[in-house]
Amino acid sequence: MNKKNKVLIILFYCSCAALLIAGTLWDEQISRFLYSPDSVFGSIFNKIGEFPPYLAIPLFGTVFFHGKPEKLSKALRFLWSLFFAVICLGGFIFMTTKFGSHWLPKNDLRTPIEIFLAVIFTVLLLILGKRIPEQYLKPLKKFSVFGVLAFLISGLGVDFVKSIWGRTRPRDMLKINDFSSFTPWYIPQGKTGNNSFPSGHANQATLLFLLTGLADAFNSLKKHEVKLFLAAWVFSFTVSLSRLIVGAHFLTDVTAAIIITFTIVYILRILIFKTNKKNNLI
């Protein structure tokens, strides 16, 4: 990691620390000021903010589908292909059901449409995967493992904290103009059924920092690492702002999710790419 990247990481953590302090002091006031439930900006990013990292699982399935070990028997090669095709399909089903919940009407046709779209996307991606040059498969395998691990670890971690923190969402209080149930972010409430802290959308949006791993997987992209970092930074903060505007989260909710996810991504990046560089994954 060069000096420029270290500076960016320090600035990122400093900005998050400043936001966390501001939220700790003025969470309620900030939510009251920004609340606009009918905001078009908030609605759009509510629908698209989670989607970028969902491609990690289909990518994982595709590159391993085409990257079969040479020494496998014919039967094992078939099972290998079937296993990773199913993973790719499962990733797309997860993605299209999320898509359907935002964009498709609630009727009997929604689930069949979601599955149909998932099958089409899977077939297309597996066909396109044939065009991946052989020398690119190995780094793409490593990058896809990086993406899946970050997606699963950060997502499960955030969901677990949500389940035990029990913080009430600001919109539930703003709708009735009663903040008597407001609690500071640093005091867990237990399993109350509320799940404001930390933010799932901010978690998913911050996973766009996975793109910085491309600079490790491909030397030709090293010169674009700062651009990838800044693009992820802007996206994660934009999605987080949209969650404040629609009253889904407090500033501390989104900031905590950003810090958790960013830290997990960079720990995994070091473990997967920075250590044992000469030994790529299978």
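Any read-out appearing in this document is the output of simple, stated calculations on the displayed coordinates, not a laboratory observation. Owing to the predicted nature of the structure, the values given are computational and were not obtained by experimental measurement. Glycine also receives a Cβ, built like all others from the backbone with ideal geometry; neighbour counts cover every protein chain displayed.
Structure notes:
- Applying the criteria of a DSSP loop state and at most 13 other Cβ atoms within 10 Å to the trypsin sites (Lys or Arg not before Pro) of segment 78-141 yields LYS106, LYS130, ARG131.
- Across the chain, the relative contact order, built from alpha-carbon pairs under 8 Å that are at least six residues apart, equals 28 percent.
- The alpha carbons of segment 1-135 give a radius of gyration and a Dmax of 21.6, 64 Å, in that order.
- Cβ-based charge dipole, the chain, positive-most Cα from PHE143, ALA256, PRO170: PHE143
- Label-reachable residues, segment 117-131, where backbone N falls under 20 Å from a point 7 Å from LYS68's Cα toward its Cβ: 122-131
- Which of THR183, PHE160, THR206, positive extreme of dipole for segment 103-214 (C-beta unit charges): THR206
- Within the shell defined by Cβ-Cβ distances under 15 Å, the residues around ILE113 carry a net charge of +1, with Lys and Arg each +1 and Asp and Glu each -1.
- Spatially, segment 209-261 and segment 190-204 are offset by 18 Å when compared through their Cα centroids.
- Note, ³J(HN,Hα) from phi for segment 135-145, Karplus 6.51, -1.76, 1.60, rounded to Hz, x at Gly and Pro: 5, 8, 5, 4, x, 5, 4, 4, 5, 5, 5
- Segment 72-133, relative contact order in percent, only Cα pairs under 8 angstrom and at least six apart counted: 38 percent
- Computed over segment 9-129: relative contact order in percent, which uses C-alpha pairs under 8 Å that are six or more apart: 25 percent
- Dividing the summed helix terms, -39500 (n - 2.57) for each DSSP H run of n ≥ 4, by the number of residues in the chain produces a 222 nm estimate of -22500 deg cm²/dmol to the nearest 500.
- Maximal additional length on extending the LYS227-TRP103 stretch stands at 41.6 nm, based on 0.36 nm per residue less the C-alpha distance.
- HN-Hα J in Hz across segment 41-54 - Karplus 6.51, -1.76, 1.60, θ = phi - 60°, x for Gly and Pro: 4, x, 5, 4, 6, 5, 8, 10, x, 8, 6, x, x, 5
- Relative to the dominant Cα principal axis of the chain, helix 225-245 is inclined by about 40°.
- Degrees between helix 74-103 axis and first principal axis of the chain (Cα, 0 to 90, nearest 10): 30 degrees
- Spatial separation of Cα centroids for segment 78-154 and segment 1-58, in angstrom: 26 Å
- Only lysine pairs 8 or more places apart, or on different chains, with alpha-carbon atoms under 25 angstrom apart are counted in segment 1-136, and they number 6.
- Sequence-ordered 3J(HN,Hα) estimates for segment 166-171 from the Karplus curve with 6.51, -1.76 and 1.60 and θ = phi - 60° stand at x, 8, 6, 6, x, 5 Hz, glycine and proline given as x.
- Straightening the chain between LEU82 and SER180 buys 29.9 nm, computed as 0.36 nm per residue apart minus the Cα-Cα spacing.
- Helix axis angle, 251-269 relative to the chain longest principal axis, alpha carbon, degrees: 20 degrees
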